[in-house]
Amino acid sequence: MTDLRDLHTKSVVSTFVNEFPNEWEITALRNICHLHTGSTPPKTEARYWGDGFNWFSSKDLKSLKISRSLDQVTGDAVKECGLSLHQPGTLVACFRSGILRHTFPVALATEPFTINQDLRALSLDNRRLAEYILYYLTGMNDHVLRSCLKVGATVESVETKWFLDFPVPIPPQKEQDDIVKYLDSKTAEIDGLVSKLERERELLERYRRELIAHTVTRGLNPGAPTRDSGIEWIGKIPSAWREDSLKSMLRRISIRNKPERRVLSVERVNGVVDRETEGSPDNHNRLPDDLSRYLAVDRGQFVMNKMKAWRGSYGVSRLDGIVSPAYYVFALNHPNPDFFNWAIRSDAYVPFFGRDSYGIRTDQWDFKLSTLSSMPFFSPPIDEQQEIANYLDEKTSDIDSTVAGINRQIELLGRYRKQVINDAVTGKIRVGEVA
């Protein structure tokens, strides 16, 4: 293999290649691996989807080692849709996704798999290199992104040629093995701490959901007389509460041509938010140049992502703005929009939207507006509505503050993990000396 220390034509080499230990051979990825792409079978063909073979996409690359995909394809899909079946021990990397703005996802597959067109399978000539290269690409995340991202692409993408030119240090085999063993141990230790924190967060978030669902269906007076709601998962409600259909409270509207307004996102966790300042970092959809077809939203109106209503992606907007024309916008007729928002977004009401959404695959389900007439909504007396809203504001604020503290700890551990990997795969620490 050619040692890239002898080459000076690539700026990517001159930035960091000379920082590696002198006794490590340096080569380019193209000299040690081959890239393979994939495809997406037609989602309208049900016979292509179901238990069978892993079909990895970017949403599966959440850990260093992966064994099962969220979506699976059948043998017919492998035979008829140009999919290749890759063996365990093959690396998988994301080459096209908005996540490439900050992360280069890479993982080692431990079971046979296929991939979609946004990923690449990296088969190595020397399979013993796989785990070391996995750690190397993870540790060099920022360098990979700076060196290999295409310029001006509609969606962030890795340029294949630049990636294959990316330099890789190859330590002696024993040192490779030592590095992998060291990082397996260190990352497992860090991941264990993160798992405990994530469990704490999960319990707090579950308590938050249960508190909200109970309060918006039972109120604040535990001694109040009750009656059966007629809904299995809601159970009893206070006798004084009124029942109306959602259809009587929601009137669909479609006002366009207000492109100067801020763009809003409708999310499962946070409801209707300013896309730019509050939106989820996982929202990688690019906006069109022409926003004139986007739907206008006024504060206090109800907005629904009809393709994701089944999981609670809707809510009352506290902002004026515009949303995708694929959404529904409604004028809301309820005396207290705050209470309505707490209730409708709770686990007491989300199941209605799951029940009344339809499609071939879950992520393609479409909510049917006609079912609003069969959805009940229970409202307490008007003065109690604001009491409940205020109570939930206070209680959830305390929970959210604790969760935010946990998230900060997880973020710091993630940074430490990244630095540990980088230091080991670049020789900043010699693993044999610290093991």
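Given the condition under 24 Å from Asn22 (Cβ atoms), in contact with a Leu (Cβ under 8 Å, 6 or more places away or on another chain) and not in a loop (DSSP other than H, G, I, E, B), answer yes or no: does some residue in the stretch 148-166 qualify?
Restricting attention to the stretch 148-166, the residues satisfying the condition of being under 24 Å from Asn22 (Cβ atoms) are 165-166.
Right, trim to in contact with a Leu (Cβ under 8 Å, 6 or more places away or on another chain) and you get 165-166.
Now narrow it down to the ones that are not in a loop (DSSP other than H, G, I, E, B): none.
Scanning the stretch 148-166, I find no residue that is under 24 Å from Asn22 (Cβ atoms), in contact with a Leu (Cβ under 8 Å, 6 or more places away or on another chain) and not in a loop (DSSP other than H, G, I, E, B), so the answer is no.
Among the candidates Ser357, Ser373, the residue that is of a type outside the set (D, E, K, R), touching a helix residue (DSSP H, G or I) at 6+ places or on another chain (Cβ under 7 Å), loosely packed, with under 15 Cβ neighbours inside 10 Å and under 22 Å from Lys308 (Cβ atoms) is uniquely Ser373.
Cβ separations smaller than 9 Å between residues 6+ apart or across chains give the following pairs from the stretch 382-394 residues that are within 13 Å of Leu211 (Cβ to Cβ) to residues that are surrounded by fewer than 19 Cβ atoms within 10 Å (Cβ to Cβ): Ile388/Leu220; Ile388/Asn336; Ile388/Asp338; Tyr391/Leu220; Leu392/Leu211; Leu392/Asp338; Asp393/Asp338. The residue pairs whose first member lies in the stretch 343-357 and is assigned by TED's automatic domain parsing to the domain that holds Lys368, whose second member is among the hydroxyl-bearing types (Ser, Thr, Tyr), and whose beta carbons are closer than 6 Å, counting only pairs six or more residues apart or on different chains, are Ala348/Thr217; Asp356/Thr371. Inclusion of Ile115 among residues that are under 26 Å from Ile429 (Cα atoms), buried (at least 16 other Cβ atoms within 10 Å of the Cβ) and either among the aliphatic types (A, V, I, L, M) or outside the structural domain of Asp76 (by TED's automatic domain parsing) (or both) is not warranted. Taken together, Ala404, Ala424, Ala389 contain a single residue that is modelled with pLDDT of 95 or more, in a helix (DSSP H, G or I), in contact with an Asp or Glu (Cβ under 6 Å, 6 or more places away or on another chain) and not assigned by TED's automatic domain parsing to the domain that holds Phe104, which is Ala389.
Among Gly230, Gly271, Gly223, which is the only one that is surrounded by fewer than 14 Cβ atoms within 10 Å (Cβ to Cβ) and in contact (Cβ under 8 Å) with a residue 60 or more places away in the chain?
Values: Gly271 fails: surrounded by fewer than 14 Cβ atoms within 10 Å (Cβ to Cβ); Gly223 fails: in contact (Cβ under 8 Å) with a residue 60 or more places away in the chain.
Result of the check over Gly230, Gly271, Gly223: Gly230.
The numbered conditions (1) part of a strand (DSSP E or B); (2) loosely packed, with under 15 Cβ neighbours inside 10 Å are all true for Arg286 except (1).
Do you know which residues across the stretch 312-330 are of a type in the set (A, V, I, L, M, F, W, C) and either over 22 Å from Lys247 (Cβ atoms) or in a strand (DSSP E or B) (or both)?
Val316, Leu319, Ile322, Val323, Val329, Phe330
How many residues does the stretch 222-258 contain that are polar (S, T, N, Q), more than 19 Å from Met375 (Cβ to Cβ) and part of a strand (DSSP E or B)? Residues flagged as polar (S, T, N, Q), more than 19 Å from Met375 (Cβ to Cβ) and part of a strand (DSSP E or B) within the stretch 222-258 amount to 1. In the stretch 24-70, of all residues being part of a helix (DSSP H, G or I) and among the small types (Gly, Ala, Ser), the one that is farthest from Cys94 (Cα to Cα) corresponds to Ala46.
Go through the stretch 259-268 and give me each residue that's part of a loop (DSSP other than H, G, I, E, B) and touching a residue at least 60 places away in the same chain (Cβ under 8 Å).
Applying the first criterion (part of a loop (DSSP other than H, G, I, E, B)) to the stretch 259-268 yields 259-262, 268.
Residues satisfying the conditions are Pro259, Arg261, Arg262.
The values are calculated or read from the model by the stated rules, or taken from the named source; none is laboratory data. This structure is a prediction, so every number in the text was calculated from the model and none was measured. With ideal geometry, Cβ positions are generated from the backbone for all residues, glycine too; neighbour counts draw on all protein chains shown.
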